[in-house]
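Colleague: Can you keep this structure in mind? I'll have questions shortly.
The values are calculated or read from the model by the stated rules, or taken from the named source; none is laboratory data. All values derive from a computational prediction rather than experimental measurement. Glycine also receives a Cβ, built like all others from the backbone with ideal geometry; neighbour counts cover every protein chain displayed. We work out accessible area using only protein heavy atoms, side chains counted, and drop any ligands, DNA or RNA first. Shrake-Rupley method; radii C 1.70, N 1.55, O 1.52, S 1.80 Å.
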Amino acid sequence: MRKIKAITFDLDETLWSNGPVIERADKALHQWLQEKYPLVCERYSIEDLRVLLEEVRLGDISDKHDRARVRQEMYRRAGEAVGYGDEFSLEAYSEWQHHRHQIEFFEEVTESLERLSKKYILAALTNGTAEIHRLGLDTYLSFYISPSIAGAAKPERKIFEYTCSQLGLSPEEIVHVGDHPDEDMRGAQEAGLRTVWMNRFDLTWDHSVTPDAMITDLRQLERLLEEWENNTQQVA
Ligand SMILES: [Mg+2]
């Protein structure tokens, strides 16, 4: 086993519970629309905008791996349908992004990241739209890799290869931590990274690939990495 030098973290559902964040952001945006762009509200309920988002995601736009772009395109189409111009979609997206960053980390996250950052290179590897500098996470994470930057989304091999090249490390020197069986675990494993499944919600694993380990919080990750480190030293 190679010594682990870096940890890449999925963000949504790994460092915070994201479902409620998106729920609140969608509601807050709709309230904002009522005041500033009422025609969109009259035409589209919160649910209608979600359906439109899914339509855009499944449609034929380019760069559909980039969720920021998909959401902007959704607002553009909603605005266009009621006669608003492009500035509407930019403004709506920026407003939604503001609310999307109103998150609360799982309780151990910042302390664990601080400790881990003293021993390992830490990176964010996300398919989502959260930006680490808006959350203060850039204090601990030195790299931020998203589909819009890498030109591909997890589980595609390309985004993991891009990550390795950015970090200047081989895949075996990196462990990826994430909650998603396919995007995080299968994707990272197929690219040769070590994999740790973050199981915050007590789920059962019933997928084809087997992660190298399962944890329920980052304190367990710290202990796991110590164990791996000891094993590596014994082998060496
Ligand atoms: Mg996730």
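Colleague: Each label point is 7 Å from the Cα along the Cα-to-Cβ direction; what then is the distance between the points at residue 50 and residue 119, in nm?
Modeller: Distance between the two pseudo-spin positions: 4.0 nm.
Colleague: Decide, for the stretch 4-80, between rounded, prolate and oblate: order the square roots of the alpha carbon gyration tensor eigenvalues as a ≥ b ≥ c, take rounded if a/c falls under 1.5, and otherwise choose prolate if a/b is larger than b/c, else oblate.
Modeller: Oblate, since a/c reaches 1.5 and b/c is not below a/b.
Colleague: Counting heavy atoms of the protein chains only and a 1.4 Å probe, report the per residue accessible area for the chain as a whole number of Å².
Modeller: 49 Å²
Colleague: Next question, about the same structure. By average Cβ neighbour count within 10 Å, what is the ranking of 140-150, 199-209, 81-91 from highest down?
Modeller: Packing order, densest peptide first, comes out as 140-150, 81-91, 199-209.
Colleague: Please report the net charge: other residues with Cβ closer than 15 Å to the Cβ of residue 111, K and R +1, D and E -1.
Modeller: -1
Colleague: Express in whole angstrom the spacing between the alpha-carbon centres of the stretch 28-105 and the stretch 110-137.
Modeller: For the stretch 28-105 versus the stretch 110-137, the Cα centre distance is 27 Å.
Colleague: Follow-up question, since we're still on this one. Which residue, chosen from 196, 32, 142, occupies the Cα position most advanced towards the positive end of the dipole of the chain, where the dipole is computed from +1 (Lys, Arg) and -1 (Asp, Glu) charges on Cβ about the Cα centre?
Modeller: In the chain, that residue is 142.
Colleague: Given contacts defined as C-alpha pairs under 8 Å and at least six residues apart, what's the relative contact order of the stretch 18-100, whole-number percent?
Modeller: In percent, rounded to a whole number, it is 38.
Colleague: Once you order the gyration tensor axes a ≥ b ≥ c over the Cα atoms, which shape class does the chain get: rounded for a/c under 1.5, otherwise prolate or oblate by comparing a/b with b/c?
Modeller: Prolate, since a/c reaches 1.5 and a/b exceeds b/c.
Colleague: Once label points are set 7 Å from the Cα along Cα→Cβ at both residue 63 and residue 80, what is their separation, rounded to one decimal in nm?
Modeller: It works out to 1.5 nm between the two label points.
Colleague: Near residue 125, within a Cβ-to-Cβ distance under 11 Å, what is the net charge of the other residues, with Lys and Arg +1 and Asp and Glu -1?
Modeller: Overall, the nearby charge balance is -2.
Colleague: Roughly how big is the stretch 23-108's charge dipole about its Cα centre, with Cβ charges of +1 (Lys, Arg) and -1 (Asp, Glu), in debye to the nearest 20?
Modeller: Charge dipole, the stretch 23-108, about its Cα centre: 140 debye, nearest 20.
Colleague: Is there a quick way to get the dipole size of the stretch 127-236? I mean about its Cα centre, with the Cβ of Lys and Arg at +1 and of Asp and Glu at -1; what is the value in debye to the nearest 20?
Modeller: 220 debye
Colleague: I would also like to ask the following. Taking the Cα centre of the chain as origin, work out the dipole magnitude from +1 charges on Lys and Arg Cβ and -1 charges on Asp and Glu Cβ, in debye rounded to 20.
Modeller: Using Cβ point charges on Lys, Arg, Asp and Glu, the chain gives about 500 debye.
Colleague: While we're on this one: Residue 93: net charge of surrounding residues, Cβ under 10 Å, Lys/Arg +1, Asp/Glu -1, itself excluded?
Modeller: That sum, taken over residues with Cβ under 10 Å, equals +1.
Colleague: Out of 233, 56, 207, whose Cα points farthest toward the positive end of the dipole of the chain (charges: +1 Lys, Arg; -1 Asp, Glu; placed on Cβ)?
Modeller: 233
Colleague: Given axes a ≥ b ≥ c from the Cα gyration tensor, I'd like to know whether the stretch 116-159 is rounded (a/c under 1.5), prolate (a/b larger than b/c) or oblate.
Modeller: Note, shape of the stretch 116-159 comes out oblate.
Colleague: For residue 101 and residue 157 in the same chain, what is the full-extension length gain: residue separation times 0.36 nm, less their Cα-Cα distance, in nm?
Modeller: Fully extending the segment from residue 101 to residue 157 adds 17.4 nm.
Colleague: Students often get this wrong, so check it: of 36/64; 119/158; 3/119; 5/118, which have C-alpha atoms separated by over 18 Å?
Modeller: Checking Cα-Cα distances, 36/64; 119/158 exceed 18 Å.
Colleague: Ok, one more. Return the calculated 222 nm mean residue ellipticity for the chain, to the nearest 500 deg cm²/dmol, obtained by summing -39500 (n - 2.57) across DSSP H runs with n ≥ 4 and dividing by the residue count.
Modeller: Mean residue ellipticity at 222 nm (helix-derived): -14500 deg cm²/dmol.
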